[in-house]
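**Student:** First, the structure itself, so that you have it in front of you.
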Amino acid sequence: MKFSNWKLEKIENIHFKEFFDLIENNRNRIIKMFPVTVSNCVDLKATEEFITKNIKIEIEKTGYYFYVRNVETNCLIGYIGIKKIDYHISKCELFYFIDNDFEGKGIISKAVSEVIDFCFNELKMNKIFICTSKINFGSQQIALKNRFVLEGVLREEFKNHEGVLEDINYYGLLKSDCK
């Protein structure tokens, strides 16, 4: 889907080098919230393996990946994923980040809205959830802008890049909330 200065793309349109560049440009900022992605993209070869693995995950329908591209520069500026898909109870988790230079412009919030539509309409999910660090206020605002409700705090639910267990905020959005 294309918007005025950005578009959302699927994984088959992404080259591993440009994804590596996105991670590299934001590595220090996102390592705490995306330790698995960052640790799997330490160099070009590892990033290529990571993208190849994610293509397989999409083929198996156990996860989906979307990329935000700046239309003017043709550079990747954001990443959104769907994971922990439970088809039995129709629930999945969203995760996302945007390049530091594009924060605060509403781009990732609108892109997340498009992925929410995909989850409800294409994947037929009933619930989408977002887990954020208690100090990641930007991510919390994106959840709230997209009508997610803070359902609680999950204690020591997330292991950060230093191996420390952290509490996370759990936000949920039901399909019925969007009517």
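**Student:** Collect the residues in segment 44-80 that are basic (Lys, Arg) and within 17 Å of PHE102 (Cα to Cα), keeping them in residue-number order.
**Tutor:** Pass one, segment 44-80, residues basic (Lys, Arg): 45, 53, 56, 61, 69.
Once the filter is applied, which keeps residues that are basic (Lys, Arg) and within 17 Å of PHE102 (Cα to Cα), segment 44-80 yields only ARG69.
**Student:** Filter segment 76-96 for residues that are touching a helix residue (DSSP H, G or I) at 6+ places or on another chain (Cβ under 9 Å) and surrounded by fewer than 16 Cβ atoms within 10 Å (Cβ to Cβ) and give the result.
**Tutor:** LYS83
**Student:** Just one of GLU114, GLU93, GLU48 is over 22 Å from GLN141 (Cα atoms) and acidic (Asp, Glu); which is it? So that I can check it myself, show each step before the final result.
**Tutor:** Working: GLU114 fails: over 22 Å from GLN141 (Cα atoms); GLU93 fails: over 22 Å from GLN141 (Cα atoms).
Only one candidate qualifies: GLU48.
**Student:** Here are some conditions: (1) surrounded by 14 or more Cβ atoms within 10 Å (Cβ to Cβ); (2) at pLDDT 95 or above; (3) farther than 14 Å from ASP177 by Cβ. LYS127 meets all but one. Which one does it not meet?
**Tutor:** Result: LYS127 fails condition (3) only.
**Student:** Next up: If MET1 satisfies every condition in (1) open to solvent by less than 60 Å² (accessible area, probe 1.4 Å); (2) in contact with a Leu (Cβ under 7 Å, 6 or more places away or on another chain); (3) at pLDDT below 95 but one, which is the exception?
**Tutor:** MET1 satisfies every listed condition except (1).
**Student:** Then there's this: Quick one: is ILE135 aliphatic (A, V, I, L, M) and within 18 Å of PHE34 (Cβ to Cβ)? I'd like the intermediate steps shown before the answer.
**Tutor:** Values: aliphatic (A, V, I, L, M): yes; within 18 Å of PHE34 (Cβ to Cβ): yes.
Taking the combined requirement at face value, the residue satisfies it.
**Student:** (1) open to solvent by less than 50 Å² (accessible area, probe 1.4 Å); (2) of a type outside the set (S, T, N, Q); (3) not in a helix (DSSP H, G or I): which one isn't true of LYS7, the others all being true?
**Tutor:** Answer for LYS7: the failing condition is (1).
**Student:** Among the residues that make up segment 52-62, is at least one of them open to solvent by 30 Å² or more (accessible area, probe 1.4 Å), closer than 29 Å to LYS127 by Cα and in contact with a helix residue (DSSP H, G or I) (Cβ under 7 Å, 6 or more places away or on another chain)? Break it down into steps so the answer makes sense when it comes.
**Tutor:** Let us first name the residues in segment 52-62 that are open to solvent by 30 Å² or more (accessible area, probe 1.4 Å), namely 52-53, 55-57, 59-62.
Cutting the leftovers down to closer than 29 Å to LYS127 by Cα gives us 52-53, 55-57, 59-62.
Still in the list and also in contact with a helix residue (DSSP H, G or I) (Cβ under 7 Å, 6 or more places away or on another chain): 55.
Within segment 52-62 (the criterion being open to solvent by 30 Å² or more (accessible area, probe 1.4 Å), closer than 29 Å to LYS127 by Cα and in contact with a helix residue (DSSP H, G or I) (Cβ under 7 Å, 6 or more places away or on another chain)), the answer is yes, since at least one residue qualifies.
**Student:** Continuing with this model, one more query. Scanning segment 97-109 for residues that are open to solvent by 40 Å² or more (accessible area, probe 1.4 Å) and closer than 13 Å to GLN141 by Cβ, which turns out nearest to the chain's Cα centre (by Cα)?
**Tutor:** Step one: of segment 97-109, the residues open to solvent by 40 Å² or more (accessible area, probe 1.4 Å) are 100-105.
With the extra rule that they be closer than 13 Å to GLN141 by Cβ, the set shrinks to 103-105.
Values: GLU103: 14, GLY104: 16, LYS105: 17 Å.
Top of the filtered list is GLU103.
**Student:** Does VAL71 satisfy the condition of being aliphatic (A, V, I, L, M), surrounded by fewer than 16 Cβ atoms within 10 Å (Cβ to Cβ) and closer than 23 Å to HIS161 by Cβ?
**Tutor:** Details: aliphatic (A, V, I, L, M): yes; surrounded by fewer than 16 Cβ atoms within 10 Å (Cβ to Cβ): yes; closer than 23 Å to HIS161 by Cβ: no.
In short, no.
**Student:** Just one of (1) open to solvent by less than 20 Å² (accessible area, probe 1.4 Å); (2) under 15 Å from the mean Cα position of the chain (by Cα) trips up ASN160, so point out which.
**Tutor:** (2)
**Student:** Restricted to segment 22-34, and to residues that are surrounded by fewer than 17 Cβ atoms within 10 Å (Cβ to Cβ) and out of contact with any Phe, Trp or Tyr (no Cβ under 9 Å at 6 or more places or on another chain), which residue is nearest to ILE135 (Cα to Cα)? Write out each step before concluding.
**Tutor:** If we filter segment 22-34 for residues that are surrounded by fewer than 17 Cβ atoms within 10 Å (Cβ to Cβ), which is where we start, we get 24-25, 27-29, 31.
Those still in the list that are out of contact with any Phe, Trp or Tyr (no Cβ under 9 Å at 6 or more places or on another chain) too: 24-25, 27-28, 31.
Details: GLU24: 22, ASN25: 21, ARG27: 18, ASN28: 16, ILE31: 14 Å.
Only one residue tops the list, namely ILE31.
**Student:** Of the residues GLU48, GLU24, GLU12, GLU18, only one is at negative phi and at pLDDT below 95; which?
**Tutor:** Numbers: GLU48 fails: at pLDDT below 95; GLU24 fails: at pLDDT below 95; GLU18 fails: at pLDDT below 95.
The unique qualifying residue is GLU12.
**Student:** Next up: Please go through segment 46-74 and give me each residue that is in contact (Cβ under 8 Å) with a residue 12 or more places away in the chain, of a type outside the set (Ser, Thr, Tyr) and over 15 Å from PHE16 (Cα atoms), ordered by number.
**Tutor:** Residues satisfying the conditions are GLU58, LYS61, GLY63, ASN70, VAL71, GLU72.
**Student:** State yes or no: is TYR96 under 21 Å from GLU60 (Cβ atoms) and of a type in the set (Ser, Thr, Tyr)?
**Tutor:** Numbers: under 21 Å from GLU60 (Cβ atoms): no; of a type in the set (Ser, Thr, Tyr): yes.
Spelling it out, it is not the case that TYR96 is under 21 Å from GLU60 (Cβ atoms) and of a type in the set (Ser, Thr, Tyr).
The values are calculated or read from the model by the stated rules, or taken from the named source; none is laboratory data. What you see is a predicted model; the values in this text were computed from it and never measured. Positions of Cβ are backbone-derived with ideal geometry, glycine not excepted, and every protein chain shown enters the neighbour counts. Heads up: the accessible areas ignore ligands, DNA and RNA and are worked out on the full protein's heavy atoms, side chains in. Shrake-Rupley method; radii C 1.70, N 1.55, O 1.52, S 1.80 Å.
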